[in-house]
Amino acid sequence: MCGIVGYLGSQSAAPILIKGLHQLEYRGYDSAGIALNCESESSFQLFKAKGKVSNLESIIPDEVKMRDNMPVAGIGHTRWATHGEPSTANAHPHLSMSGEVVLVHNGIIENYKELKDQLIDRGYTFQSQTDTEVLCNLVDLYYQQNGKNLRLAVVQALNKAIGAYAIAVMEQKDNQHIVCARKASPLVIGISEGNDEFFIGSDATPMVEYTHKVIYLDDEQVADVRLGHEVEIVNLDQSLAEFDVKEVDLDITALTKGGFPHFMIKEIFDQPHCLENCMRGRVVRLDDGTYDIKLSALHNFKAKLIRARHVIIVACGTSWHAGLIGKQLIEEMCRIRVEVEYASEFRYRNPVIEKDDVVIAISQSGETADTLAAIQLAKEKGALVFGIVNGVGSSIARAADTGIYIHVGPEIGVASTKAFTGQVTVLTMLALALGHALGTISEEYFQQTCHELTQIPLKMEKVLQQNDAICLLSTPFTFARNFLYLGRGYNYPVALEGALKLKEISYIHAEGYPAAEMKHGPIALVDAEMPIVFLATHHELYQKIISNMQEVQSRKGRIIAVVTEGDQEISKIAQATIEIPATLNALVPLLSVLPMQMLAYHVAVKKGLNVDMPRNLAKSVTVE
Ligand code: F6R
């Protein structure tokens, strides 16, 4: 939820920290702060501001930004509030009462009230409402008691803390030292080629500009990062932990807007290219012109996947919508029963999981706390866990037994777009490959669908060409207070996703329904004020969708319809139509979701809202 950065080296730390915070701002943006520990100062220099990182940037004096050529340690944080309102007092870093320890934290300390009472009994006072200040003073308490050994104090404090955390901590007496730790919240340490600079981040994006050598901390590990020394990592029982230094491969251009006004629209337009990357080396055209699907995860776990009689998909939000499409794909192509569960519900309801079941966990970030907990439960019950993840090296990617990366590159806009189509593409490849291996689809169906899948990026380009038209048609709808999204079959999850996109970034209430459900209740809402988005592409239920539209028309509802190219009938009923190229029914969501994304984007932009960082949301939900 929050973003953490850290720097240890001889460059000017403030600009590095600020730049890193900008790159992590998608994780939270209600307040931000940095703390610096320089030789020339007798105490930490602390800067905090409410709101975006740019507010923080504006209060840091130039002489602090330009300080160079002396060893300095710095930590920074961009916050998504959990305990206490967004304010300067609640912003991180938090300073201990003694002023000797400073700390940033991502996560929630669940027993903070109990710990706070114990600290108050020992004379500690608090300046904020946060659980983080409690953790900071707890570290301080042990630090004072144990002869000022910071690593030991962090270990002692974390042994008392219940909850989730990624933390970075500095001590005033040593400006060449940072201690960091994680449990259920990600933390990455970057090491410069010359081993003379260290970077800390909630993910690798703030450090790829400087180094590609990284260590991904594991749960309940504490790292000692000290200039002039190798990184040392211990477990919470103080035993030394083994770790690998990995090469991270992140494309820096993916972190910029590339000429677009917002990340969201850039990422919408990235989709054809992303899907090509996602399918590269996986949907393969053989010399004889036929197709094959090569998925190493499937190859390595073939026996177990083929044996599975029951698949459970766990995910949240947009990834859950991709899961609903995955259910239809797997059931249609593999004839295996599939359930789709909200990870947050699954983890708490003692679900029936058998040893031969396969649990598919879908996550863009790979860090969603509920999905991670669902995986742990599935593993305890002996199921095979298959991850469909974007975040390379993320917690979910590491926790899964096997899986497939979607490879769509970093998604910065908070509203998920390219990750959704990447997830659906992976689910399609998986269903096709498994169905082929099981013999539940014919060779002809397999070949035809593989071929059509390779055509999707081109067809997406055609949908994207309608961006200006969608922008124009969105104008009258910016004043709407409610929207309905209706679709059937493969388009029903797309209706849900369309409604979620609009809610998230335009703050207009929207609901998605299976179109035929309309008459069972939602039709009561329909009047001349109500825009209704119909996903009405050609398939066997096309005529039934037209009947639903007529029901809306006779109640004066305003219809926006997504139709198949060349459709003659619906333009007579709808106020606005958006055409998508014809494709196979199972692949329609990959095209029909694009108008949903563009419509939500243009409505939000016209309302003057911040589409990349909508209020109250964070990109990566690492708390329950
Ligand atoms: C919606 C959105 C969220 C995420 C959800 C799961 O645009 O981004 O609904 O889909 O928080 O996140 P991941 O996929 O990272 O597990």
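The values are calculated or read from the model by the stated rules, or taken from the named source; none is laboratory data. These numbers come from a predicted model, not from an experiment. Neighbour counts run over all protein chains shown; Cβ positions are idealised from the backbone, glycine included. Note: areas computed on protein heavy atoms with side chains; ligands, DNA, RNA excluded. Shrake-Rupley method; radii C 1.70, N 1.55, O 1.52, S 1.80 Å.
Amide H contacts for residue 360 (H built 1.01 Å from N in the peptide plane; partners 5 or more residues away or on another chain; cut-off under 5 Å): 312, 313, 314, 386. Computed over protein heavy atoms with a 1.4 Å probe, the accessible surface of the chain works out to 38 Å² per residue.
On the beta carbon distance between residue 610 and residue 276, with R0 = 25 Å, the FRET formula returns roughly 0.25. Return the FRET efficiency for the residue pair residue 355, residue 442: r is the Cβ-Cβ distance, R0 is 22 Å, and the value is rounded to the nearest 0.05. The calculated FRET efficiency here is 0.10. When the chain is described by a simple charge dipole with +1 on each Lys and Arg Cβ and -1 on each Asp and Glu Cβ, the residue from 70, 340, 49 located farthest towards its positive end is 340. Taking one equal scatterer on every alpha-carbon of the chain, how large is log10 of I(q)/I(0) by Debye at q = 0.11, 0.12 1/Å? Summing over Cα pairs of the chain leads to -1.06, -1.20. Computed from backbone phi, the HN-Hα couplings of segment 93-106 come to x, 9, 9, 6, 4, 6, x, 9, 10, 9, 8, 10, 8, 10 Hz, rounded to whole numbers (Karplus: 6.51 cos²θ - 1.76 cosθ + 1.60, θ = phi - 60°; Gly and Pro given as x).
For residue 468 and residue 46, a Förster radius of 60 Å and the Cβ-Cβ distance give a FRET efficiency of 0.80, rounded to the nearest 0.05. In a shell of Cβ-Cβ distance under 15 Å around residue 320, excluding residue 320 itself, what net charge do Lys and Arg (+1) and Asp and Glu (-1) give? Neighbourhood net charge equals -2. Each part reduced to its alpha carbon centroid, segment 504-542 and segment 55-111 end up 45 Å apart. Per-atom-type breakdown for segment 359-443 gives carbon and sulfur 52% of the accessible area (1.4 Å probe, protein chains only). For segment 98-151, applying the loop criterion from DSSP together with a ceiling of 14 other beta carbons within 10 Å to the trypsin sites (Lys or Arg not before Pro) yields 122. Close amide H partners of residue 245, meaning residues 5 or more places away or on another chain with modelled amide H under 5 Å apart, do not exist here.
Of 462/607; 304/327; 418/503; 257/606, which ones are farther than 24 Å apart at the Cα? Long pairs (Cα-Cα over 24 Å): 462/607.
Cross-link reach is defined here as a Cα-Cα straight distance under 16 Å, omitting same-chain residues fewer than 8 places apart; for residue 52 the lysines meeting it are 19, 619. The alpha-carbon of residue 50 sits under 14 angstrom from the alpha-carbons of these aspartates and glutamates, leaving out residues fewer than 8 places away in its chain: 25, 30, 85. Counting only residues at least eight positions apart within a chain, or on another chain, the lysines with an alpha carbon under 18 Å from that of residue 113 are 160. Expressed as a whole percentage, what fraction of the accessible surface of segment 222-263 belongs to carbon and sulfur atoms when a 1.4 Å probe is rolled over the protein heavy atoms? Answer for segment 222-263: carbon and sulfur cover 49 percent of the accessible area.
Note on segment 493-624: with neighbouring protein chains present and a 1.4 Å probe, carbon and sulfur make up 50 percent of its accessible heavy-atom surface. DSSP assigns beta bridges within the chain; of those with both partners inside it, close to 60 percent run antiparallel.
A crude spin-label estimate for the pair residue 543 and residue 173, with each label 7 Å from Cα along the Cβ direction, gives 8.4 nm.
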